[in-house]
């Protein structure tokens, strides 16, 4: 049985990387990937994972709901290099996507880095629990039924769709970012529920964007988008990496531009800051 503590924790900003909740740009991933930190040995990485599932996660849930702490998503205050987080591929691609939305030269990584450190986004995840990969076997291997009250990861995903995603939709409606970008076409239904569900489903549009006109067969990707409210656009894009992802600067640039669909005057102003 799902406990009230888990419900309160999961229907909050748990599992989010934060940034600035007042940013006009919200980026939504799937779940914390539990990436191996630079410099960690295999033993250190395994120890952190074991501690997270054995104790740290339980402690987080016991505390209840998590607030959205304000920070710079691209900056690591504990790193000698303030932009050290950009060494991680996902965060570097997120900075380039921000640059594409803002009109920066994203082919120049130093420009992207310096501007990202003086800008910000808000980063949230669909699911609150961290996993190093999406395999369902990790659910049982790490005793998640005992922690959450949900027998399988499939039930956990379903529970989140019925409970956490409507909570996220309430936050989108409350804060009204100019654009809410979901990464992962395979999670289209999830992102739609996070932005209003049946209220917007009839208005979701699909289009194709080609990175290299001379090679459309391997550089064409799908973009889904819909207007959520008078101030917010939902854009669902492919993952940043992989054979079918946004694996070039040109694709990131074009999808950044495509994510600004039919912006009204407020959105144009916010996205140009």
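The values are calculated or read from the model by the stated rules, or taken from the named source; none is laboratory data. It should be emphasised that the depicted structure is a prediction, and the values quoted were computed from it without experimental measurement. Cβ sites come from the backbone with ideal geometry, for glycine too, and all protein chains shown count toward neighbours.
Observations, loosely collected:
- Residues in segment 128-151 that are surrounded by fewer than 17 Cβ atoms within 10 Å (Cβ to Cβ) and in contact with a helix residue (DSSP H, G or I) (Cβ under 6 Å, 6 or more places away or on another chain) were compared, and the one that is farthest from residue 46 (Cα to Cα) is 151.
- Residue match in segment 216-230 (condition: in contact with a strand residue (DSSP E or B) (Cβ under 8 Å, 6 or more places away or on another chain), at pLDDT 95 or above, on the phi < 0 side of the Ramachandran plot and part of a loop (DSSP other than H, G, I, E, B)): yes
- Filtering segment 13-30 to residues that are within 14 Å of residue 91 (Cα to Cα), out of contact with any helix residue (DSSP H, G or I) (no Cβ under 7 Å at 6 or more places or on another chain) and at pLDDT 90 or above leaves 16, 19, 26, 29.
- Close pairs (7 angstrom Cβ cut-off, 6 or more residues apart or separate chains): at negative phi and free of Cβ contacts under 8 Å to residues at least 24 places away in the same chain in segment 43-64, outside any helix (DSSP H, G or I) and surrounded by 15 or more Cβ atoms within 10 Å (Cβ to Cβ) anywhere: 45/36
- Extreme residue, surrounded by the most Cβ atoms within 10 Å (Cβ to Cβ), among residues of segment 192-217 that are over 15 Å from the mean Cα position of the chain (by Cα) and within 17 Å of residue 161 (Cβ to Cβ): 196
- The set of residues in segment 231-244 being in a loop (DSSP other than H, G, I, E, B) and touching a residue at least 24 places away in the same chain (Cβ under 8 Å) consists of 231, 232, 238, 239, 240, 241.
- Residues located in segment 161-170, provided they are touching a residue at least 24 places away in the same chain (Cβ under 8 Å) and surrounded by fewer than 18 Cβ atoms within 10 Å (Cβ to Cβ): 161, 163, 166, 167
- Tally, over segment 251-273, of residues that are surrounded by fewer than 18 Cβ atoms within 10 Å (Cβ to Cβ), out of contact with any strand residue (DSSP E or B) (no Cβ under 8 Å at 6 or more places or on another chain) and either at pLDDT 95 or above or farther than 20 Å from residue 119 by Cα (or both): 2
- Qualifying residue in segment 171-194 (condition: at pLDDT 95 or above, over 24 Å from residue 257 (Cβ atoms) and not in a helix (DSSP H, G or I)): no
- Being modelled with pLDDT of 95 or more and buried (at least 19 other Cβ atoms within 10 Å of the Cβ) is a description that applies to residue 6.
- Pairs linking a residue in segment 130-143 that is in contact (Cβ under 8 Å) with a residue 60 or more places away in the chain and on the phi > 0 side of the Ramachandran plot to a residue that is surrounded by 13 or more Cβ atoms within 10 Å (Cβ to Cβ) and not in a loop (DSSP other than H, G, I, E, B), with Cβ atoms under 9 Å and 6 or more positions apart or on different chains, are 143/53.
- Test: residue in segment 80-101 that is over 18 Å from residue 177 (Cα atoms), in contact (Cβ under 8 Å) with a residue 60 or more places away in the chain and in a loop (DSSP other than H, G, I, E, B): no
- With respect to (1) closer than 27 Å to residue 143 by Cβ; (2) in a helix (DSSP H, G or I); (3) at pLDDT 95 or above, the lone exception for residue 46 is condition (3).
- Criterion violated by residue 189 - all others in (1) surrounded by 13 or more Cβ atoms within 10 Å (Cβ to Cβ); (2) touching a residue at least 40 places away in the same chain (Cβ under 8 Å) satisfied: (2)
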